[in-house]
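Worksheet: the structure to be examined is printed underneath.
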Amino acid sequence: MVTREIPSLAALCTGGKAEMARALAVVEQYREDPAVIALLDAAWQAARAHVVGLTGPPGVGKSTLINALLKIWRGQGRSVGVIAVDPTSRRSGGALLGDRTRLAADPGDDKIFVRSMAARDRLGGLAALTLPAMVLMRAVNDVVLIETVGVGQSETDVANVADTVIFCIQPGSGDSLQFMKAGIMETPHIMVVTKFDMQPAARRARADVEGALGLSEVREGEWLTPVLGLSAARNDGIDELTAEVDRHWEWLARTGEGARARERQTHQWLEDMVCEQFGRRGLARARVELDAQTVGCPFAGRARLIARLEK
Ligand SMILES: Nc1nc2c(ncn2[C@@H]2O[C@H](COP(=O)(O)OP(=O)(O)OP(=O)(O)O)[C@@H](O)[C@H]2O)c(=O)[nH]1
Ligand SMILES: [Mg+2]
């Protein structure tokens with residue numbers, strides 16, 4: 001049991017890792033508490049971090065890459081929150097902190113906060129706590145990194161919570177590429193071919209990805225997905241990746257697409273939630289309100305919607 005004392009946003013911003021851990025525990029346990037909802041909406045409005053999603057099949061090198069990214073971001077003085085969504089938890093019944101992430105983060109560094117969480121059926125695979133955790137970490141850190149594993153559904157999920165989606169592909173594996181070609185997967189903002197020290201398979205993989213991306217039409221003013229090759233194990237090409245991540249963030253701000261995308265995401269999240277709990281008919285009943293709830297206070301809006309639909 002965690003104490004029900006709900007931290008304020010100010011306390012969260014100054015309280016370091018201990019306060020964040022406590023806040024996440026409280027949010028998880030007392031999700032429908034009005035004070036929790038108020039905290040989440042306050043954090044929502046205080047959004048400051050760039051939310052980066054990192055996804056790719058098992059073993060592609062995500063954890064190794066995250067370690068390399070953390071080194072660079074910390075070197076730049078940025079604080080980073082990491083959320084690792086663990087797909088194996090369905091069997092084991094719960095994710096242990098860092099049990100799959102294997103991050104080499106210095107535990108004494110108060111500017112790196114890592115939280116691993118179980119993927120449940122909620123939100124189509126993303127952990128039910130992922131969105132609230134992201135919102136809290138986004139109000140406190142400079143960068144929030146969300147790692148998900150898999151091919152297909154989880155890419156779509158992470159695209160729904162991240163500003164920038166990085167998709168990792170492994171030399172010699174054609175699977176993920178098939179999803180892209182078939183249009184099952186949304187085009188990520190940055191494509192990365194990992195283990196680029198594995199020549200020539202890595203070069204071939206990059207050429208394949210470039211070929212697959214060439215199939216989709218790019219319109220004037222749209223973001224052109226770069227395809228990078230890097231070796232996280234050799235710390236080679238990571239600077240180029242962080243530069244592209246920053247470039248995408250600037251593009252989102254410059255074009256206004258960042259704010260529009262966040263609004264679409266909120267709408268989608270509320271819609272998924274209503275549909276999951278109340279079905280298509282519930283969704284039809286909630287449609288008008290849903291549109292009004294997408295801005296401002298989505299957590300309070302969600303609670304109001306649920307209360308009304310349960311009547
Ligand atoms: N040659 C080479 N091997 C790498 C590189 N990066 C990671 N690996 C190896 O690939 C394997 C998987 O790396 P991880 O970073 O654990 O991959 P992951 O995507 O986090 O894996 P899961 O968490 O199981 O999904 C390990 O044996 C790494 O040592 C790289 O740049 N080059
Ligand atoms: Mg991993």
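The values are calculated or read from the model by the stated rules, or taken from the named source; none is laboratory data. Just so it is clear, the model here is predicted, and its values are computed rather than measured. Glycine gets a Cβ as well: all are built from the backbone with ideal geometry, and neighbour counts include every protein chain shown.
Sub-9 Å Cβ pairs linking a first residue in segment 224-244 that is in contact (Cβ under 8 Å) with a residue 60 or more places away in the chain and on the phi > 0 side of the Ramachandran plot to a second residue that is part of a loop (DSSP other than H, G, I, E, B) and within 16 Å of ligand 2 (Cβ to nearest atom), at least 6 apart or interchain, number zero.
Scanning segment 100-127 for residues that are modelled with pLDDT under 85 and outside any loop (DSSP other than H, G, I, E, B), we see that the one that is surrounded by the fewest Cβ atoms within 10 Å (Cβ to Cβ) is G124.
Can you tell me which residue is farthest from ligand 1 (Cβ to nearest atom) among those in segment 69-85 that are under 18 Å from the mean Cα position of the chain (by Cα) and assigned to a helix (DSSP H, G or I)? Top of the filtered list is W73.
Beta carbons closer than 8 Å, at least 6 apart along the sequence or on distinct chains, pair a first residue in segment 185-198 that is within 15 Å of ligand 1 (Cβ to nearest atom) with a second that is among the charged types (D, E, K, R) and assigned to a strand (DSSP E or B) for F196/D236; D197/D236.
Scan segment 217-244 for residues that are part of a strand (DSSP E or B) and more than 14 Å from ligand 1 (Cβ to nearest atom) and jot them down. Residue satisfying the conditions is V227 alone.
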